[in-house]
Each structure stands twice: as structure tokens, then as C-alpha cells.
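What follows is one structure encoded as C-alpha cells, with my remarks underneath.
The values are calculated or read from the model by the stated rules, or taken from the named source; none is laboratory data. Not measured: the values here are computed from a predicted model. Every residue, glycine as well, gets a Cβ built from its backbone with ideal geometry; the counts of neighbours run over all protein chains shown.
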Amino acid sequence: MDKKLQDIRAFSLDELKDFFKEKGEAVFRGKQVYEWLWKKSCSNFDEMSNLPKATREFLNENFVINHIKVEDKQISNDGTIKSGFRLHDKNLVEGVLIPADERMTACVSSQVGCSLTCKFCATGKLNRERNLNPDEIYDQVVHIRDWANTHHKKPLTNIVFMGMGEPLLNYNNVLAAIDKITSPEGLGMAADRITVSTAGISKMIKKLADDKVRFNLALSLHAATDEKRNMIMPINESNNLEVLSEALQYFSKNTKNKITFEYIAFKDFNDSLIDAKNLLSFCKKIPAKVNIIEYNPTGDGEFEKADSNKIDAFRDYLEAHNVRATVRRSRGKDIDAACGQLANKKHDEALIK
Ligand code: SAH
């Protein structure tokens with residue numbers, strides 16, 4: 001018999017309940033199975049100990065649970081942990097745990113590769129192979145939460161969608177994953193501890209507002225004039241700063257959620273006080289804080305990180321003009337786990353095309 005088994009985690013709770021009802025079984029089995037799948041992250045029907053044997057056998061014959069597998073875990077000397085996650089179709093993505101005092105942040109991927117080709121980003125050099133499913137995003141969070149517990153003896157506190165891929169180009173699955181992560185039947189995490197980072201897909205930023213999401217938004221800005229942004233982020237040609245600004249104002253007014261601008265400081269490209277002034281003008285219409293990020297080398301030598309005295313002057317300028325600005329130093333650089341370095345380097349050279 002050549003039957004393609006369905007991924008059971010594609011079903012909602014109601015669908016599972018209906019499914020058992022149609023089979024003439026008790027409806028509550030749907031909830032039991034759902035809890036095993038999500039709350040307990042169970043990857044094997046045989047371990048669902050409160051189900052009758054016949055039900056477990058039936059599930060085994062008709063469904064699969066496509067759990068992601070930890071490929072090889074690397075631990076940085078600053079405590080950052082990174083791993084490749086092998087997907088059921090052999091694709092690979094990466095996820096990172098970033099520990100900082102009490103804060104334990106999971107950085108997760110949303111796509112295999114990326115289509116946006118930002119010039120400074122290692123993931124941008126990979127092809128976009130496919131979107132991740134909600135369960136594949138959820139599983140990354142579960143694994144990274146477990147690392148926080150076992151390696152750092154602390155609970156996971158935050159989640160950032162700053163791994164591989166552009167989350168707003170995988171809109172439905174990212175929102176479905178966040179729904180599960182925040183629901184009591186899933187991980188029960190607070191939505192305001194989650195930040196989705198985007199290179200700036202204006203239409204989707206507006207959709208987030210229309211969908212009344214409760215998580216925070218980060219915009220990878222990196223340059224505050226179209227001329228400069230076009231040079232490093234091709235997406236800016238179809239989503240220029242004016243259109244972006246309008247979408248962000250819409251998001252801010254309608255959700256009141258936090259917005260952060262990420263700004264990588266590149267040496268002699270966007271690190272002058274004129275650049276800071278341009279950024280200030282962009283910030284005027286949108287209540288946001290600025291995260292100045294150290295550039296992490298990706299091996300091509302095209303960019304260099306700005307000098308720290310320039311970064312400090314840049315931050316001071318913004319602060320002096322009432323824009324909250326912080327400098328974010330890189331974490332996990334020794335294991336290529338820092339922002340923009342996720343490219344499956346250690347795992348699978350064959351996937352890099
Ligand atoms: N596609 C999304 C999320 C992935 S990138 C986005 O663009 O926001 C996560 C963050 O890392 C972004 O702010 C991105 O611009 C930044 N980043 C990419 N390459 C980097 C590098 N080499 N050094 C530092 N930050 C980088």
C-alpha cells in the first residue's frame with residue numbers, strides 16, 4: 001500500500017475533535033491528542049499513554065508527526081547555543097539561544113534560506129527553498145526552551161524571529177506558530193515577549209495591524225535614505241522608506257505594540273552624524289526605539305563594522321534628540337550564531353548554492 005501519511009499537526013483542535021467524532025470515538029480524544037502533540041511535544045503516538053491501544057495503532061497507520069531534529073549543538077564561550085534543525089524533508093535551518101542575565105531569548109528561523117538577498121546577510125546568499133510550517137517553527141522554540149532549562153537553569157523569556165528567512169513572507173504560518181506558542185494549549189507564552197523582525201514588507205506590516213496582533217515588530221532599517229537602502233537591501237526598491245513609514249504609522253496607531261528599528265553600523269557607509277540625522281527624521285513620525293547593531297562579518301569582506309567611538313557618537317546624537325537608542329553587541333560570534341551569520345555553514349555545505 002502506497003499511502004502518503006498526513007502530518008497530524010496540520011490539524012486544528014476542532015478538526016481533531018471532529019475527526020474522532022466522525023470515527024465514532026469520544027470527542028475528548030481530540031483534545032488529548034492535541035495536548036500530546038503541542039503542550040507535551042510528543043513525537044511518537046505510542047507514547048500517548050492515555051489513548052487506547054487501538055486508537056494509537058490507527059493514528060500510526062494514518063498519520064505522521066514530522067518533528068524537527070537537532071543536528072549538532074554548538075555552545076559559544078559566551079553561553080550562546082546554536083543548532084541546525086533537520087526538517088523531515090532533509091532541509092536545514094538554524095536556531096539560537098541567547099542568554100543575557102535573566103533574559104533567555106530564542107532566535108528562530110521562518111524559512112529555509114531567504115529570497116531577499118540583503119547584501120550584508122549570510123542567509124541572503126542562500127536560495128529560498130521553502131516556508132517553514134507552523135509546527136517546524138514551534139519545535140525550534142521547544143528545543144531552545146529546553147536548552148535554557150538544562151544549560152542555564154532558567155525559563156525561556158523571549159522569542160525573536162531573527163533567524164533565517166523573512167517572517168512576513170511566510171505570514172500565515174508564522175502567525176499560526178505564534179498562536180500555538182501563546183495559547184494555553186501550547187506553550188502559554190506572553191505575546192509581548194515575542195518580536196517579529198522584518199526587512200520591510202509594507203503590505204504585510206499593515207496586515208499585522210488589521211489582524212490585531214499582540215507581538216512586537218522590529219524593522220531592519222540599516223539606512224535612512226532610499227539611495228543608501230537600495231544599495232544594501234533590494235527589497236527597498238519595491239518598499240521604499242515613505243511606503244514603509246506609512247505602514248509603520250498604521251501599525252503603531254492600530255496596535256500600540258512596540259516597534260524597534262534595527263540599524264547595523266557599517267564603517268564609512270551609514271555611521272556618520274549625517275546618517276544619524278537622516279535616521280532621526282525617519283524616526284520622527286513613528287514611536288520606536290533604535291537598536292544599533294554591530295556588523296558581524298559574513299566572510300565576503302564587502303563590509304566592515306563601524307568603529308566603536310563612531311557608534312557611540314551616533315547613539316549619543318539620537319539620545320540627545322529624544323530617540324531611545326541602544327548598542328547591541330554581538331553574541332555567539334565564535335560559532336557563527338550572531339545576527340546575519342546563519343547559513344548552515346558547519347552543517348551542510350551542499351545546501352549552499
Ligand atoms: N528577514 C528578517 C529577519 C532575519 S535577519 C529581517 O530582515 O529582519 C535578523 C536581523 O539580523 C536583521 O535585522 C538583519 O538585518 C540582521 N543582520 C543580517 N546580517 C547581519 C550581519 N552580517 N551583521 C549584523 N546583523 C545582521
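Just give me the residues in the range 259-269 being among the acidic types (Asp, Glu) and either near the ligand (Cβ under 9 Å from one of its atoms) or under 25 Å from residue 196 (Cα atoms) (or both), in sequence order.
Correct list: 262 only.
Go over the candidates 82, 40 one by one and state the one that is farther than 30 Å from residue 329 by Cα and among the charged types (D, E, K, R).
On the way: 82 fails: farther than 30 Å from residue 329 by Cα.
Answer to the check: 40.
Take the range 172-185 and flag every residue that is away from the ligand (no atom under 13 Å from the Cβ) and either aliphatic (A, V, I, L, M) or within 20 Å of residue 234 (Cα to Cα) (or both).
Hits for the range 172-185 are 175, 176, 177, 178, 181.
May I ask you to say which residue of 202, 272 is among the small types (Gly, Ala, Ser), within 16 Å of the ligand (Cβ to nearest atom) and either at pLDDT 95 or above or not assigned by TED's automatic domain parsing to the domain that holds residue 311 (or both)?
The conditions single out 202.
Which ones in the range 33-47 are surrounded by fewer than 17 Cβ atoms within 10 Å (Cβ to Cβ), within 29 Å of the chain's Cα centre (by Cα) and farther than 14 Å from residue 63 by Cα? Show your work before the answer.
Residues of the range 33-47 that are surrounded by fewer than 17 Cβ atoms within 10 Å (Cβ to Cβ), as a first pass: 35, 39-40, 43-44, 46-47.
Subset that is within 29 Å of the chain's Cα centre (by Cα): 35, 39-40, 43-44.
35, 39, 40, listed by residue number.
One residue is enough: does the range 281-289 have a residue meeting the conditions within 9 Å of the ligand (Cβ to nearest atom) and in a strand (DSSP E or B)?
Checked the range 281-289: no residue is within 9 Å of the ligand (Cβ to nearest atom) and in a strand (DSSP E or B).
Against the condition touching a Leu at 6+ places or on another chain (Cβ under 7 Å) and either assigned to a loop (DSSP other than H, G, I, E, B) or at pLDDT below 95 (or both), how does residue 121 come out, does it pass?
no
Going through the range 200-223 one residue at a time, which ones are polar (S, T, N, Q) and within 11 Å of residue 168 (Cα to Cα)? Step through it out loud before you land on a result.
The first filter runs over the range 200-223 and keeps only residues polar (S, T, N, Q), leaving 202, 216, 220.
202, the sole residue that qualifies.
Looking only at the range 290-305, count how many residues are near the ligand (Cβ under 8 Å from one of its atoms), surrounded by 20 or more Cβ atoms within 10 Å (Cβ to Cβ) and outside any loop (DSSP other than H, G, I, E, B).
Within the range 290-305, residues that are near the ligand (Cβ under 8 Å from one of its atoms), surrounded by 20 or more Cβ atoms within 10 Å (Cβ to Cβ) and outside any loop (DSSP other than H, G, I, E, B) number 1.
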